[in-house]
Structure formats: C-alpha cells, structure tokens
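Participant: Can you keep this structure in mind? I'll have questions shortly.
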Amino acid sequence: MSEVLQQLARTLEARKGADAGESYVASLHHRGLNKILEKVGEEATEVILAAKDAGKDGGREALIGEVADLWFHCMVMLSHLDIDSGEVVQCLDRRMGVSGHAEKAARAPRDN
C-alpha cells in the first residue's frame, strides 16, 4: 500500500510546479492553501455522506471512491505545506500496538 502512496506523492510533487491550465494539482497549488483546504473539507463531507449510504446498492464502491478523493486532497495539502506524506505513515506506524485511549491521553492537551 505505501508504494502506491509513495508513487502518488512523487507525482503530486512533480505536478506542483506544472502549468495550472494543464494540471489539476498545479491549479490547486496555484489557487493556494485555502482552496486546497476547502477541497479537503468538501471531500470529508462527501465521505460522511457516502458512509451513511454504504449499506445500499453501490454504496460500498462510492464510499471507497470518496475516501480515495479525500486521501488524494489531503496529500495535495501536505505537498503544498512541504510535508512528506511518509511522515504521516511513520506516525501511524508509531501508533501501531498502542491503545487509542493511551495514544490520545499522551498527546498535548490542545490535541485532545
């Protein structure tokens, strides 16, 4: 799975400086962080709505597609902020085997 994310991250980085008229990713970067965040919010809402319909015909596939859209736009956001998406994977790796309650309690109060 991480190979796909690594390849996507490389593609996003390569398109970061591309012509905004020819690349959707470049157009998002050109429009700035607020537009990228707006897209992340839209996609998150679409995930929530699709999850509510996941038990219906075609709902599972729709949810998978919406989550893919959300992950994609989150990766564009990370790229825009010059944060390597591998850092998120590393964070998840560190959390493996740690109780969710314990992990949350260990975070700074502002993160709870």
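The values are calculated or read from the model by the stated rules, or taken from the named source; none is laboratory data. Here the structure is a predicted model, which is why all the values come from computation and not from measurement. Positions of Cβ are backbone-derived with ideal geometry, glycine not excepted, and every protein chain shown enters the neighbour counts. Calculation scope for accessible area: heavy atoms of the full protein, side chains included, ligands and nucleic acids excluded. Shrake-Rupley method; radii C 1.70, N 1.55, O 1.52, S 1.80 Å.
Participant: Name, by its number, the condition in (1) without any contact (Cβ under 8 Å) to a residue 24 or more places away in the chain; (2) open to solvent by 40 Å² or more (accessible area, probe 1.4 Å) that does not hold for residue 2.
Facilitator: Exception for residue 2: condition (1).
Participant: Please verify whether region 31-41 includes one or more residues that are among the polar types (S, T, N, Q), part of a helix (DSSP H, G or I) and open to solvent by 70 Å² or more (accessible area, probe 1.4 Å).
Facilitator: Within region 31-41, one or more residues are among the polar types (S, T, N, Q), part of a helix (DSSP H, G or I) and open to solvent by 70 Å² or more (accessible area, probe 1.4 Å).
Participant: Shifting gears a bit: If you scan region 12-22, which residues turn out to be more than 16 Å from residue 69 (Cα to Cα) and in contact with a helix residue (DSSP H, G or I) (Cβ under 8 Å, 6 or more places away or on another chain)? Before the answer, list the steps.
Facilitator: Of the residues in region 12-22, the ones more than 16 Å from residue 69 (Cα to Cα) are 13-22.
13, 15, 16, 17, 18, 19, 20, 21 - these are the residues of region 12-22 that are more than 16 Å from residue 69 (Cα to Cα) and in contact with a helix residue (DSSP H, G or I) (Cβ under 8 Å, 6 or more places away or on another chain).
Participant: Could you please let me know if residue 70 is in contact (Cβ under 8 Å) with a residue 24 or more places away in the chain and either crowded, with 16+ Cβ neighbours inside 10 Å or in contact with a strand residue (DSSP E or B) (Cβ under 9 Å, 6 or more places away or on another chain) (or both)?
Facilitator: Taking the combined requirement at face value, the residue satisfies it.
Participant: On to the next question. Applying the selection to region 2-28, what residues are part of a helix (DSSP H, G or I) and either among the acidic types (Asp, Glu) or more than 15 Å from the chain's Cα centre (by Cα) (or both)? Let's see the steps before the verdict.
Facilitator: Filtering region 2-28 down to residues part of a helix (DSSP H, G or I) leaves 2-15, 24-28.
Result: 3, 13, 14, 15, 24, 26, 27.
Participant: Which one of 61, 46 is open to solvent by less than 90 Å² (accessible area, probe 1.4 Å) and on the phi < 0 side of the Ramachandran plot?
Facilitator: Only one candidate passes the filter, namely 46.
Participant: Still on this structure, I have one more. In contact with a Phe, Trp or Tyr (Cβ under 9 Å, 6 or more places away or on another chain) and without any contact (Cβ under 8 Å) to a residue 60 or more places away in the chain: does that describe residue 43?
Facilitator: Working: in contact with a Phe, Trp or Tyr (Cβ under 9 Å, 6 or more places away or on another chain): yes; without any contact (Cβ under 8 Å) to a residue 60 or more places away in the chain: yes.
Yes.
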